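A.B. asks: What follows is a structure written as structure tokens; I'll ask about it next.
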Amino acid sequence: MLKAIGFDLDDTLIDGKKMHHAAIIEALNKFGYKKKRIKWIRGATTEELLKLNFPTMNEKMISKIALYKRKIVKKYMNLAKVLPHARELLRTLKQKGLIVGMITNNSRIELKHFLKYFKIKKYFDIVVGIDDAKPKPNSDMLKIFMKRAKVKPKEMIYVGDSDYDILACKKAKIDIILNTKIHKTKLMSSADYIAKNLKDIKDIIMKLEG
């Protein structure tokens, strides 16, 4: 029996790459790293992106830049947008009495701003981010959500968009619906369900709920 739904945020419920990218570029410039574009990995944390693009950057500088980025990202929220059917889907799930959670590689300070700005805070019963556990593809955040929601792996499903999401779900033995609205992934064939958009996801969940 389906009792809970967990959601990723970026590229699952919102299109936020431009927002995050702009904030990282400003943070880099702040600390003397002149850059206009950076190589991107879907689902990666700011720290992982910095390590990828600046292999010789030390951990202390990575932490400073990442923290600054998280403080200023709210300046660029106008560059992001909620994906079509997101609020309709979340509203339907809440009306059905399901436990709705957000499980994301974003930080607490970012999520506070995002949930308020996009006006979706009221839909979530539980929010888990990188301040709570190791980021995906580690499965710890999913396990924390299950503990808080008091559900077993077979009693929930996760909605994500990246290979990191797929790997985390496989480790936690949770089924995943992959949202391919923004992009496709290398491990797409490993997802339990594949959807073109959030409307498709709503249909899949309704069928699973019976």
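The values are calculated or read from the model by the stated rules, or taken from the named source; none is laboratory data. This structure is a prediction, so every number in the text was calculated from the model and none was measured. Positions of Cβ are generated from backbone atoms using ideal geometry, with glycine treated the same way; all protein chains shown enter the neighbour counts.
A.B. asks: Look at K51 and say whether it is more than 21 Å from Y164 (Cβ to Cβ) and out of contact with any Asp or Glu (no Cβ under 6 Å at 6 or more places or on another chain).
C.D. replies: Criteria not met by K51.
A.B. asks: Check F145, F114 and return the single one that is of a type in the set (F, W, Y), under 18 Å from A86 (Cα atoms) and in contact (Cβ under 8 Å) with a residue 12 or more places away in the chain.
C.D. replies: The match here is F114.
A.B. asks: Here is a further query. Please enumerate the residues belonging to the stretch 7-31 that are among the β-branched types (V, I, T) and either without any contact (Cβ under 8 Å) to a residue 60 or more places away in the chain or over 10 Å from K81 (Cα atoms) (or both).
C.D. replies: Answer for the stretch 7-31, where residues must be among the β-branched types (V, I, T) and either without any contact (Cβ under 8 Å) to a residue 60 or more places away in the chain or over 10 Å from K81 (Cα atoms) (or both): T12, I24, I25.
A.B. asks: Mind checking which residues of the stretch 43-75 are in a helix (DSSP H, G or I), closer than 15 Å to M19 by Cα and touching a Ser or Thr at 6+ places or on another chain (Cβ under 8 Å)?
C.D. replies: A66, K69, R70
A.B. asks: I would also like to ask the following. Which residues, counting only those in the stretch 160-198, are over 23 Å from M146 (Cα atoms), of a type in the set (S, T, Y) and assigned to a loop (DSSP other than H, G, I, E, B)?
C.D. replies: T180, T185
A.B. asks: Pick from the stretch 76-126 the residues that are aromatic (F, W, Y) and in a helix (DSSP H, G or I): which of them is nearest to I25 (Cα to Cα)?
C.D. replies: Ranking the candidates gives Y76 first.
A.B. asks: Tally the residues that are under 19 Å from L2 (Cβ atoms), of a type outside the set (K, R) and touching a residue at least 40 places away in the same chain (Cβ under 8 Å), restricting the search to the stretch 175-205.
C.D. replies: Residues that pass the stated criteria total 4.
A.B. asks: Among (1) within 18 Å of K181 (Cα to Cα); (2) in contact with a helix residue (DSSP H, G or I) (Cβ under 8 Å, 6 or more places away or on another chain); (3) in contact (Cβ under 8 Å) with a residue 60 or more places away in the chain, which single condition is A4 missing?
C.D. replies: Answer for A4: the failing condition is (1).
A.B. asks: Considering only the stretch 139-192, how many residues are crowded, with 17+ Cβ neighbours inside 10 Å, among the polar types (S, T, N, Q) and either at pLDDT 95 or above or in contact with a Cys (Cβ under 6 Å, 6 or more places away or on another chain) (or both)?
C.D. replies: 3
A.B. asks: Just a yes or no: is a residue in the stretch 59-74 under 20 Å from the mean Cα position of the chain (by Cα), in contact (Cβ under 8 Å) with a residue 24 or more places away in the chain and at positive phi?
C.D. replies: no
A.B. asks: So V82 clears everything in (1) in contact with a Gly (Cβ under 7 Å, 6 or more places away or on another chain); (2) of a type in the set (A, V, I, L, M, F, W, C); (3) farther than 21 Å from F145 by Cβ except one condition, right? Which one?
C.D. replies: Among (1) in contact with a Gly (Cβ under 7 Å, 6 or more places away or on another chain); (2) of a type in the set (A, V, I, L, M, F, W, C); (3) farther than 21 Å from F145 by Cβ, V82 violates only (1).
A.B. asks: Return only the number of the condition from (1) loosely packed, with under 14 Cβ neighbours inside 10 Å; (2) closer than 24 Å to L142 by Cβ that N58 does not satisfy.
C.D. replies: It fails just one condition, (2).
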